[in-house]
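First the structure, then my questions, so here it is.
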Amino acid sequence: MQELIEGVRDFRNRYFCTHQDLFEQLAKGQHPKVLFITCSDSRIDPNMLVDADLGELFVIRNAGNIVPHYSNSKGGEGATIEYALKALEVDEVIVCGHTHCGAMKGLFKLEKLKKEMPLVYEWLLHAEETRRVIKDKCTTCNEEELVELAVAENVLTQLENLRSYPIVQEKLRAGKLNLYGWIYDIETGNVLIYNPDRGQFLPAFTDPAICELPVRSWIAPEQQDRIYRGSTR
């Protein structure tokens, strides 16, 4: 705790004092343009990832970057989505998954979680479609391969859940909202962005040196291809 308190002191002395104009503006209100939905994983910092200032991102974080379907949305996620789009008039939404996601690992251990962490079990049921698709199509994959593919598939699942919200449907029909699916690779810092026209996750950068997924001895070429496609369907 003492380290955190010292961190507050450093924040005040180093950042706050040199960004007085920014904080004066933020005190008057917020006007973010992006709703960024990502995982609670401590290895992810949305503002750092996109080099955004305070006030530029409206963020939802939870285990597995999950968006419950509108029919099952009784928690904070649905209310936050509605507020962001209706009150703040956010016009872009990003669902960002990441490699080595613990929630995606948990998807394939649901029976164990049901006994040991029942709340986590109930939460991950919002990603049941992800688990079903991967298990049905990847019958020969090992655990690590399943998780890698689930990370990509889950982004698409949550984008579909997002489209079940009336406010999202309204904004999409009016052409006032864009939805994006991202995958952040912790090991390389690279981001893959889903291209719906091609049905693939494509690198955010065009430089071939930046585009490559990290080398992993366990991943076969066809499995790497599925990650880029983002779906085994």
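The values are calculated or read from the model by the stated rules, or taken from the named source; none is laboratory data. Here the structure is a predicted model, which is why all the values come from computation and not from measurement. With ideal geometry, Cβ positions are generated from the backbone for all residues, glycine too; neighbour counts draw on all protein chains shown.
With (1) touching a Gly at 6+ places or on another chain (Cβ under 8 Å); (2) touching a residue at least 60 places away in the same chain (Cβ under 8 Å); (3) hydroxyl-bearing (Ser, Thr, Tyr) as the list, and TYR180 as the residue in question, which single condition is left unmet?
Every listed condition holds for TYR180 apart from (1).
I'm checking my understanding of the structure. Among residues of region 17-55 that are part of a helix (DSSP H, G or I) and either aliphatic (A, V, I, L, M) or in contact with a Leu (Cβ under 9 Å, 6 or more places away or on another chain) (or both), which one is surrounded by the most Cβ atoms within 10 Å (Cβ to Cβ)?
Applying the filter and picking the extreme gives PRO46.
Let me ask something else. Look at region 162-181 and say how many of its residues are charged (D, E, K, R) and either farther than 21 Å from VAL90 by Cβ or not in a helix (DSSP H, G or I) (or both). Lay out the reasoning, then the answer.
Step one: filter region 162-181 for residues charged (D, E, K, R), giving 163, 170-171, 173, 176.
Remaining after also requiring either farther than 21 Å from VAL90 by Cβ or not in a helix (DSSP H, G or I) (or both): 163, 176.
The number of residues fulfilling the criteria is 2.
Is it true that THR80 is within 16 Å of the chain's Cα centre (by Cα), under 21 Å from GLU170 (Cα atoms) and among the polar types (S, T, N, Q)?
For THR80, the condition - within 16 Å of the chain's Cα centre (by Cα), under 21 Å from GLU170 (Cα atoms) and among the polar types (S, T, N, Q) - is met.
Among the listed residues ARG163, ARG131, which satisfies the condition of being surrounded by fewer than 16 Cβ atoms within 10 Å (Cβ to Cβ) and not hydroxyl-bearing (Ser, Thr, Tyr)?
ARG163
Which residue out of LYS137, LYS86 is surrounded by fewer than 18 Cβ atoms within 10 Å (Cβ to Cβ) and modelled with pLDDT of 90 or more?
Values: LYS137 fails: modelled with pLDDT of 90 or more.
One residue alone meets the criteria, LYS86.
In region 173-210, what residues are modelled with pLDDT of 95 or more and among the basic types (Lys, Arg)?
ARG173, LYS176
When both residues are 6+ apart or on different chains and their Cβ atoms are under 8 Å apart, which pairs have a first residue that lies in region 1-19 and is of a type in the set (Phe, Trp, Tyr), and a second that is part of a helix (DSSP H, G or I)?
Listed by first residue and then by second, the contacts come to PHE16/PHE23.
Read through the list (1) under 15 Å from GLY64 (Cβ atoms); (2) at pLDDT 95 or above; (3) over 14 Å from the mean Cα position of the chain (by Cα); (4) β-branched (Val, Ile, Thr), then give the number of the only condition that VAL95 fails.
Among (1) under 15 Å from GLY64 (Cβ atoms); (2) at pLDDT 95 or above; (3) over 14 Å from the mean Cα position of the chain (by Cα); (4) β-branched (Val, Ile, Thr), VAL95 violates only (3).
Also: Going through GLU148, GLU143 one at a time, which residue ends up being crowded, with 21+ Cβ neighbours inside 10 Å and farther than 21 Å from PHE36 by Cβ?
The match here is GLU148.
Okay, next question. If we only count helices (runs of 4 or more DSSP H) wholly inside region 65-161, which ones have 1 or more residues that are among the β-branched types (Val, Ile, Thr) and touching a residue at least 40 places away in the same chain (Cβ under 8 Å)?
76-86, 118-124, 128-137
Going by what's in this entry, would MET1 be described as within 24 Å of ASN178 (Cα to Cα) and surrounded by fewer than 12 Cβ atoms within 10 Å (Cβ to Cβ)? Explain how you work it out, then say what you get.
On the way: within 24 Å of ASN178 (Cα to Cα): no; surrounded by fewer than 12 Cβ atoms within 10 Å (Cβ to Cβ): yes.
Taking the combined requirement at face value, the residue does not satisfy it.
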